[in-house]
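Enquirer: Submitted below is the structure of interest, expressed as structure tokens.
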């Protein structure tokens, strides 16, 4: 009898737990952690069983170890560079004291770029390429969306160049940049320009197409409003077209940035241009027992940065878009 | 040439289709006086909206033309403001900004302060002063339509064109808005052309009801002058024999003279048959 009574008691106690909050917590935090833990477990299990000519495939522990090593190497390199400049300054000061007419010279530090510096190079390159492409693609997309004729004129070119891997362009871009970008005191290195142009070439299309589709599918009623108000072309674009097509434009931008980031790594590997891709290739060629773990660090870094870039675009969209209630994912 | 304010002469329009031109309207003749409230009523698809869009300048008539104050209508403009069926407010602008955009586009050299006052005045006219900074998504359908009316009024149009302005609203909200429109019409004396499906609405608001025949080649069937004194009160009119007579007349036109009981499928067949006939005719010609 007492047992029978105890059961409803338990139920009533359970009911007092605030299920929605618990569920929310579970799904928002705990589930991703569960997924990651399972992944790490499988990874370390698999890694032990894969033997390569460079030793075991790195497990999570080895990769974490190399992450710390890479950061330490960066710090050591920075320290070296600092000392290098300090020595130069001291030397220059000493020579100036001896000979006041001496023109002091500062030589740049020429140590190999560290992992963190390669990350920065890649990030900088992808952003420049992406921004340049966006500044071309958005206005062109708007023109295509507004005028059926210009869309019909440009569409074959879009369809022709969209499926071309930017890596196929890479040799051409390299040669053209070498031939055209000639300067005694270049602001950017040639390798940077080559990489950035390659990124631009693949960032153009998704933004262009999505912008055109977004602009051409604006609500007819809003277009009529614009006509009745006799908005001129510029205010039509600013007041009606752009706000309407922001979601489509951002879809294109996010696709572009994602593809651009992937292509950049490949381009850097192929062209030996500085960046994360070169880091991966150098480690592969280096072939030490740590190489695989270091490459794995790069792989994860590339993933994290790609994810972060996408979130960044999403935040930007939230800031720019008028529709704060829209679910963005 | 004419003393009429707004004049539609022999207006007709053909739409190109895969099987030759489709004549939607033919020989629409209508003369409207300044300050008159005209309702266009007819079955769905009879071309009421097309008439309105031609007056608005959004469509170009194939034959005939529209003259407003001795000037031909060729393109849309703020002197023929439109209140759209589904409000068509810019969703990214607040009620105030939506009206302001219209005011700024109407050329009459107002100062900043005057623009602000005029926007606020028009929102007050439609009783929307309390939600001036709300986005369209944050207000109800009726309120959105009020802002839409304020936007149209703020352009100080010679003719106010309303395309089923209350079609998407519930009956109570619709009654409120009809009262508001009557009040505003009494106050400002705009010329109004309104499209409606609602017989009561047409009789209550209009000076004349223009009844349209069914398409294709729709035209004006009958014009019914409504000689009820203003201001009109919907409750008092409910028992008014004259009011009920007008209602009866409109209903008779719509459901006896212009019966449209076929199903959608057969209507389509008829239309297709008509189209093939016309295309055959043109081929023969």
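Enquirer: Quick test of your reading of the structure: residue B:141 fulfils all but one of (1) modelled with pLDDT of 90 or more; (2) under 19 Å from residue B:173 (Cα atoms). Name the failing condition by number.
Expert: With (1) modelled with pLDDT of 90 or more; (2) under 19 Å from residue B:173 (Cα atoms) applied to residue B:141, the lone miss is (1).
Enquirer: Name the single residue that is farthest from the other protein chains (Cβ to nearest Cβ) among those in the range B:83-126 being in a loop (DSSP other than H, G, I, E, B) and out of contact with any helix residue (DSSP H, G or I) (no Cβ under 7 Å at 6 or more places or on another chain).
Expert: Initial filter on the range B:83-126 (in a loop (DSSP other than H, G, I, E, B)): B:84-94, B:106-111, B:126.
Narrowing the set further to residues that are out of contact with any helix residue (DSSP H, G or I) (no Cβ under 7 Å at 6 or more places or on another chain) leaves B:85, B:94, B:106-109, B:111.
Numbers: B:85: 8, B:94: 10, B:106: 8, B:107: 9, B:108: 14, B:109: 16, B:111: 20 Å.
Step by step, filter the range B:83-126, then rank; the result is B:111.
Enquirer: When the residues of the range B:54-80 are narrowed to those that are in contact (Cβ under 8 Å) with a residue 60 or more places away in the chain and within 12 Å of chain A (Cβ to nearest Cβ), which ends up farthest from residue A:226 (Cα to Cα)? First the steps, then the outcome.
Expert: Going through the range B:54-80, the residues in contact (Cβ under 8 Å) with a residue 60 or more places away in the chain turn out to be B:55-56, B:66-70, B:78-80.
Now narrow it down to the ones that are within 12 Å of chain A (Cβ to nearest Cβ): B:55-56, B:78-80.
Values: B:55: 16, B:56: 13, B:78: 10, B:79: 14, B:80: 13 Å.
Once the filter is applied, the top-ranked residue is B:55.
Enquirer: I've got another one for you. Test residue A:167 against the criterion of being without any contact (Cβ under 8 Å) to a residue 40 or more places away in the chain and either within 14 Å of chain B (Cβ to nearest Cβ) or under 23 Å from residue A:258 (Cα atoms) (or both), and give yes or no.
Expert: In short, no.
Enquirer: When the range A:51-70 is examined, which residues are found to be under 12 Å from residue A:116 (Cα atoms) and exposed (fewer than 14 other Cβ atoms within 10 Å of the Cβ)?
Expert: A:68, the sole residue that qualifies.
Enquirer: Select from the range A:216-265 the residues that are facing chain B (nearest Cβ under 9 Å) and touching a residue at least 40 places away in the same chain (Cβ under 8 Å) and write down the one among them that is farthest from residue B:153 (Cα to Cα).
Expert: A:246
Enquirer: Check off (1) touching a residue at least 24 places away in the same chain (Cβ under 8 Å); (2) surrounded by fewer than 17 Cβ atoms within 10 Å (Cβ to Cβ) for residue A:313 and give me the number that stays unchecked.
Expert: Single failed check for residue A:313: (2).
Enquirer: A follow-up question, please. In this structure, does residue A:193 turn out to be away from chain B (no Cβ under 14 Å), in contact with a helix residue (DSSP H, G or I) (Cβ under 9 Å, 6 or more places away or on another chain), over 23 Å from residue A:316 (Cα atoms) and assigned to a helix (DSSP H, G or I)? Show your work before the answer.
Expert: On the way: away from chain B (no Cβ under 14 Å): yes; in contact with a helix residue (DSSP H, G or I) (Cβ under 9 Å, 6 or more places away or on another chain): yes; over 23 Å from residue A:316 (Cα atoms): yes; assigned to a helix (DSSP H, G or I): yes.
For residue A:193, the condition - away from chain B (no Cβ under 14 Å), in contact with a helix residue (DSSP H, G or I) (Cβ under 9 Å, 6 or more places away or on another chain), over 23 Å from residue A:316 (Cα atoms) and assigned to a helix (DSSP H, G or I) - is met.
Enquirer: Something else now. For the range B:128-212, please list each of the helices (runs of 4 or more DSSP H) lying entirely inside it that holds at least 2 residues being without any contact (Cβ under 8 Å) to a residue 60 or more places away in the chain, within 24 Å of residue B:249 (Cα to Cα) and in contact with a helix residue (DSSP H, G or I) (Cβ under 9 Å, 6 or more places away or on another chain). Explain how you work it out, then say what you get.
Expert: On the way: elements: B:141-154, B:171-188, B:199-205.
Answer list for the range B:128-212: B:171-188, B:199-205.
Enquirer: I've got another one for you. May I ask you to verify whether residue B:182 is under 29 Å from residue B:6 (Cβ atoms), buried (at least 18 other Cβ atoms within 10 Å of the Cβ) and more than 14 Å from every other protein chain (Cβ to nearest Cβ)?
Expert: So residue B:182 passes the test.
Enquirer: Within the range A:71-83, is there a residue that is surrounded by 11 or more Cβ atoms within 10 Å (Cβ to Cβ), touching a helix residue (DSSP H, G or I) at 6+ places or on another chain (Cβ under 6 Å) and under 27 Å from residue A:285 (Cβ atoms)?
Expert: Looking for residues that are surrounded by 11 or more Cβ atoms within 10 Å (Cβ to Cβ), touching a helix residue (DSSP H, G or I) at 6+ places or on another chain (Cβ under 6 Å) and under 27 Å from residue A:285 (Cβ atoms), one finds at least one in the range A:71-83, hence yes.
Enquirer: Looking only at residues that are at pLDDT below 90 and buried (at least 23 other Cβ atoms within 10 Å of the Cβ) in the range B:43-53, which one is farthest from the other protein chains (Cβ to nearest Cβ)?
Expert: It comes out as B:46.
Enquirer: Further, regarding this structure: Hey, among B:162, B:155, which residue is crowded, with 17+ Cβ neighbours inside 10 Å and more than 10 Å from chain A (Cβ to nearest Cβ)?
Expert: Working: B:155 fails: more than 10 Å from chain A (Cβ to nearest Cβ).
Criteria check complete, one pass: B:162.
Enquirer: Quick one: which helices (runs of 4 or more DSSP H) lie wholly within the range A:56-171 and hold at least 2 residues that are out of contact with any strand residue (DSSP E or B) (no Cβ under 6 Å at 6 or more places or on another chain) and under 30 Å from residue A:219 (Cβ atoms)?
Expert: The qualifying helices (runs of 4 or more DSSP H) are A:115-146, A:148-161.
Enquirer: Determine which member of the set A:243, A:274 is outside any helix (DSSP H, G or I) and at negative phi.
Expert: A:274
Enquirer: Tell me the residue from B:74, B:86, B:70, B:98 that is surrounded by fewer than 18 Cβ atoms within 10 Å (Cβ to Cβ) and closer than 13 Å to residue B:148 by Cβ, please.
Expert: One residue alone meets the criteria, B:86.
The values are calculated or read from the model by the stated rules, or taken from the named source; none is laboratory data. Quick caveat, the model's predicted, so the values are computed rather than measured. Cβ: placed from backbone, ideal geometry, glycine included. Neighbour counts: every protein chain shown.
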